[in-house]
1. Apply 1/(1 + (r/R0)^6) to the Cβ-Cβ distance of Ser32 and Ala66, taking R0 = 30 Å, and write down the FRET efficiency to the nearest 0.05.
2. Tell me, what does the Kirkwood hydrodynamic radius of the range 11-63 come to in angstroms if you use every pair of distinct C-alpha atoms?
3. Considering only protein heavy atoms and a 1.4 Å probe, what is the carbon-and-sulfur percentage of the accessible area of the range 11-63?
4. Give me the accessible area per residue for the range 11-63, probe 1.4 Å, as a whole number in Å².
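The values are calculated or read from the model by the stated rules, or taken from the named source; none is laboratory data. Predicted model, so just to flag it, every value in this text is computed and none were measured. Please note: Cβ atoms are built from the backbone with ideal geometry, for glycine as well, and neighbour counts cover all protein chains shown. We work out accessible area using only protein heavy atoms, side chains counted, and drop any ligands, DNA or RNA first. Shrake-Rupley method; radii C 1.70, N 1.55, O 1.52, S 1.80 Å.
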Amino acid sequence: YMMQQIAPGPFRMAHYAMATGVMALTKWGTGSVSALLWNGVGHHYAGFFGWVLVFSIPPVLLAWVAPFPHDGLEAAPAGREAPVGAH
């Protein structure tokens with residue numbers, strides 16, 4: 001999603017680096033929250049797994065409705081030609 005939707009255009013690497021930073025920040029945050037949850041349920045795997053399933057519903061719904069403004073069919077940037085023999 002990051003490479004195709006967030007980072008199109010002339011500054012792809014900068015946009016990709018920013019999106020990767022946001023992704024790492026959310027991974028750090030969710031890891032911290034999951035450790036608190038694990039301690040909160042008393043180290044019972046079934047209870048922890050149940051809460052993880054409940055908390056996974058919003059991201060799945062967000063991914064389902066995420067906008068895809070770029071269809072991936074844009075023309076190649078100037079200066080990039082098709083390989084010889086590719087028609």
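1. Result of the calculation: an efficiency of 0.75.
2. 12.8 Å
3. 81 percent
4. In whole numbers, the range 11-63 has 81 Å² accessible per residue.
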